[in-house]
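What follows is a set of notes on a single structure, which appears directly below.
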Amino acid sequence: DYYDVTISHDESGANESTKMMVYIIEDVTVTARVDSNLTFSIGGLATTTTVNGDATTGTSATTTISFGTLDYDPARFGQILKVTTNSYGFTVTVEQDGELESAAGANINSFRDSPTGTGTSTPEAWQPPAELLGQINTYGHLGVTSEDNSLTGSTDPFGASLYAGFDGTTPIEVMYHNGPADGSTDHAGQTKVGYQIEISSLQEAGDYSNTLTYICTPTF
């Protein structure tokens with residue numbers, strides 16, 4: 001757009017005027033780009049590290065949680081999760097590919113005394129397996145807890161020392177944040193996840209294993 005502007009001056013009979021034009025340009029667009037970034041890492045935890053109120057009983061690594069030879073007391077191991085991102089938020093879930101299983105086909109089921117392929121979706125206080133003869137899902141179980149106290153919806157389902165069980169199909173959310181993360185701030189850039197296992201005297205002998213998978217999903 002442009003405008004004609006006349007400036008005049010009248011003093012003692014003298015009349016002076018000047019005419020000028022003014023241009024106004026309003027359509028200069030300013031742009032910038034910020035590349036997205038996401039880094040997700042898993043670390044092991046040492047013995048006696050507190051995870052959501054309970055101390056670990058052994059040392060874990062980034063890609064292994066080795067409970068070793070189980071006795072009839074709970075065994076607890078943990079891992080630390082770190083997320084660095086400039087996203088609008090993210091969620092981290094964990095799932096298993098099946099129950100802990102031996103070569104002979106025996107299972108250590110999910111918490112609490114859950115039939116194969118099911119688990120306690122609502123976290124609750126830890127309890128030992130019921131140990132009912134003939135009900136193999138009560139011979140031993142594995143549970144998971146998270147220290148993150150602000151999961152989706154600003155909820156804290158794991159409270160203090162509460163555990164859930166894998167149900168075989170639904171990933172369990174163990175970490176969440178609704179903005180950028182620095183990989184070090186508790187409940188935003190990092191959290192600890194714990195795994196507790198306990199067997200009874202009826203649990204079948206064998207070497208048991210399964211695979212856990214973490215998935216970190218950002219929102220850009």
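The values are calculated or read from the model by the stated rules, or taken from the named source; none is laboratory data. The shown structure was predicted, so the numbers you read here are calculated from the model rather than taken from an experiment. Note that each Cβ is placed from the backbone with ideal geometry, even for glycine, and that neighbours are counted across all protein chains shown.
Selection of segment 118-151 for residues being of a type outside the set (G, A, S), buried (at least 16 other Cβ atoms within 10 Å of the Cβ) and in a loop (DSSP other than H, G, I, E, B) yields T118, T120, P123, W126, P128, P129, E131, Y139, E147, D148, N149.
Looking at S41, is it surrounded by fewer than 17 Cβ atoms within 10 Å (Cβ to Cβ), of a type outside the set (A, V, I, L, M) and in contact with a Leu (Cβ under 9 Å, 6 or more places away or on another chain)? So S41 fits the description; yes.
Here T217, T185, T213, T170 are screened, and the one residue that is modelled with pLDDT under 95 and either surrounded by fewer than 22 Cβ atoms within 10 Å (Cβ to Cβ) or in contact with a helix residue (DSSP H, G or I) (Cβ under 7 Å, 6 or more places away or on another chain) (or both) is T170.
Among the criteria (1) of a type in the set (S, T, N, Q); (2) more than 16 Å from L151 (Cα to Cα); (3) surrounded by 22 or more Cβ atoms within 10 Å (Cβ to Cβ), the one T191 does not fulfil is (2).
Regarding E95, is this residue touching a residue at least 60 places away in the same chain (Cβ under 8 Å), touching a Ser or Thr at 6+ places or on another chain (Cβ under 8 Å), acidic (D, E) and surrounded by 19 or more Cβ atoms within 10 Å (Cβ to Cβ)? So E95 fails the test.
Residues in segment 116-156 that are under 13 Å from the mean Cα position of the chain (by Cα) and of a type outside the set (S, T, N, Q): V144, E147, D148, L151, D156.
Please work out if S114 is surrounded by 14 or more Cβ atoms within 10 Å (Cβ to Cβ), within 20 Å of D73 (Cα to Cα) and at pLDDT below 95. Before the answer, list the steps.
Working: surrounded by 14 or more Cβ atoms within 10 Å (Cβ to Cβ): yes; within 20 Å of D73 (Cα to Cα): yes; at pLDDT below 95: yes.
For S114, the condition - surrounded by 14 or more Cβ atoms within 10 Å (Cβ to Cβ), within 20 Å of D73 (Cα to Cα) and at pLDDT below 95 - is met.
Against the test of being under 27 Å from T64 (Cβ atoms), in contact with a Ser or Thr (Cβ under 8 Å, 6 or more places away or on another chain) and not in a strand (DSSP E or B), the options E173, E204 yield a single qualifying residue, E204.
The lone criterion from (1) modelled with pLDDT of 95 or more; (2) among the small types (G, A, S); (3) surrounded by fewer than 17 Cβ atoms within 10 Å (Cβ to Cβ) left unmet by S154 is number (1). Exactly one residue among G89, G53, G58 is surrounded by 10 or more Cβ atoms within 10 Å (Cβ to Cβ), under 23 Å from G140 (Cα atoms) and touching a residue at least 40 places away in the same chain (Cβ under 8 Å), and that residue is G53. Set side by side, the residues G206, G194, G183 differ, and just one is on the phi > 0 side of the Ramachandran plot and in contact with an Asp or Glu (Cβ under 9 Å, 6 or more places away or on another chain), which is G206. Taking the conditions exactly as written (outside any strand (DSSP E or B), within 25 Å of N37 (Cβ to Cβ) and either in contact (Cβ under 8 Å) with a residue 24 or more places away in the chain or among the charged types (D, E, K, R) (or both)), does D167 satisfy them or not? No: the conditions fail for D167.
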